[in-house]
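Trainee: The structure follows.
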């Protein structure tokens, strides 16, 4: 991997941040200043508002989060398809979530409504990972690109194997490639992630072999 290719990958993620502002830019060109302010204030006001809400997500601990199907359907094809199905949860408008905490799903909903993440999210790796999983699950590409951009920047010699494993599980192609580049640059044998290596060997031997091949290539060089 030469420096030019690496720069191209980094530039791709810089563009991912710009994509998040596309809606704002369109609004700037098509709406008057007062109309723009009203437009975005209205979406902000609707976030977690019970007014006109037609569904409720229930997270562990009986945390109830009201939402609006139209907004969710516009931002996620998975939600759009889900709300079309005639199943009990959809009919009653109460969707139970067993695999995500209330604070994480609140951050996810905030992005769907406002295209923004809570302050400090880019430094919170556990939250970024959880949001990345949700973005992958519900096919929210803008959020997934943004989370992957920040995760991409956080890869280092200590977490490269873990990030490789994570990227492979949740379709983070660029994250996985960055982890492989770090492994190539630093050497697998020098990493203090023995437990993760063991887990990778047991659960995903094909990935372990891929990483092991990197080490063999380094030794030949």
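All of the numbers you see were taken from the coordinates with simple rules; none came from a lab. If you're wondering where the values come from, they're calculated on a predicted model, not measured in any experiment. Heads up, the Cβs are rebuilt from the backbone with ideal geometry, glycines too, and the neighbour counts pull from every protein chain shown.
Trainee: In nm, to one decimal, how far is the residue 42 label point from the residue 173 one, both placed 7 Å along Cα→Cβ?
Mentor: Computed distance between label sites residue 42 and residue 173 equals 3.7 nm.
Trainee: In nanometres, what is the gap between the two model label sites at residue 139 and residue 78, each 7 Å from Cα along Cα-to-Cβ?
Mentor: Output for this residue pair reads 1.0 nm.
Trainee: Same structure again: Working out 0.36 nm times the residue gap between residue 101 and residue 157, then minus their Cα-Cα distance, what length gain in nm do you get to one decimal? Provide the component values of the computation, followed by the final result.
Mentor: Numbers: separation 56, 0.36 × 56 = 20.16 nm, distance 2.95 nm.
Roughly 17.2 nm would be gained on extension.
Trainee: Which of the three applies to the range 119-179, rounded, prolate or oblate, going by the alpha-carbon gyration tensor with a ≥ b ≥ c and a/c under 1.5 meaning rounded?
Mentor: Working: a/c = 1.85, a/b = 1.22, b/c = 1.51.
Oblate.
Trainee: So how do 59-68, 134-143, 175-184, 119-128 stack up, highest first, on mean other-Cβ count within 10 Å?
Mentor: On the way: 59-68: 15.5, 134-143: 19.3, 175-184: 21.1, 119-128: 13.7.
Averaged packing, sorted descending, gives the order 175-184, 134-143, 59-68, 119-128.
Trainee: Applying a 10 Å radius around every beta-carbon, put 43-54, 153-164, 98-109 in order of their mean neighbour count, most first. It would help to have the intermediate numbers written out before the result.
Mentor: Numbers: 43-54: 12.7, 153-164: 18.7, 98-109: 17.1.
Averaged packing, sorted descending, gives the order 153-164, 98-109, 43-54.
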